[in-house]
Amino acid sequence: MQSYPVGDTPLVPVGRHCILELYDCPTHLLNNPVFIKQALEEAAKVAKSTLLSEVTHHFEPYGVTGLALLAESHISIHTWPEYGYIAVDIFTCGEYAEPEKACKYLVQAFQASSHTLLTLPRGKLSPEIQKRLEESLVLQVAEC
């Protein structure tokens, strides 16, 4: 089953999706929900996005997940203090948001020794590629 009418899929990006990996970060920053909440708020500002709401959850014995809901989409942060590792996901739509600037801010804020960043355009798939992707996902779900 197709999730869009043929010919109606936009062939231009509707947004950018940044996947950021931060390594060798100080443990005390990664286990601090207050710091992570502040980092989410500042990252939203740096990305020129509108912060609607944010939530953090501190896991026992350690680790924090934080989520910022943006008018433009979202920012999520998941920390593993025991590894000095953070997984960040930033998706923004619209032509004015700058998620890569938010990524640069987070690298500095969390004092990462190294990082990787992957930026993907969203909404740029042709109908033919989209259909093949959907078919492969349906097959994978059916096999589970």
Residue count, the range 2-40 (criterion: modelled with pLDDT of 95 or more, assigned to a loop (DSSP other than H, G, I, E, B) and open to solvent by 80 Å² or more (accessible area, probe 1.4 Å))
1
Of the conditions (1) in contact (Cβ under 8 Å) with a residue 40 or more places away in the chain; (2) touching a helix residue (DSSP H, G or I) at 6+ places or on another chain (Cβ under 6 Å); (3) of a type outside the set (A, V, I, L, M, F, W, C); (4) surrounded by fewer than 16 Cβ atoms within 10 Å (Cβ to Cβ), Tyr62 fails just one. Which one is it?
(1)
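Condition first: hydroxyl-bearing (Ser, Thr, Tyr) and in a loop (DSSP other than H, G, I, E, B). Now tell me which residues in the range 64-115 satisfy that. Let's see the steps before the verdict.
To start, the set of residues in the range 64-115 that are hydroxyl-bearing (Ser, Thr, Tyr) comprises 65, 73, 76, 79, 83, 85, 92, 96, 105, 113-114.
Result: Tyr96, Ser113.
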Is at least one residue of the range 110-130 in contact (Cβ under 8 Å) with a residue 60 or more places away in the chain, open to solvent by less than 40 Å² (accessible area, probe 1.4 Å) and closer than 19 Å to Lys45 by Cα?
yes
Could you list, in sequence order, all residues of the range 41-53 that are crowded, with 19+ Cβ neighbours inside 10 Å, in contact with a Leu (Cβ under 6 Å, 6 or more places away or on another chain) and outside any helix (DSSP H, G or I)?
Ser49
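The values are calculated or read from the model by the stated rules, or taken from the named source; none is laboratory data. Here the structure is a predicted model, which is why all the values come from computation and not from measurement. Note that we place each Cβ from the backbone using ideal geometry, even for glycine, and neighbour counts take in every protein chain shown. Ligands, DNA and RNA are excluded from the accessible area calculation, which covers all protein heavy atoms including side chains. Shrake-Rupley method; radii C 1.70, N 1.55, O 1.52, S 1.80 Å.
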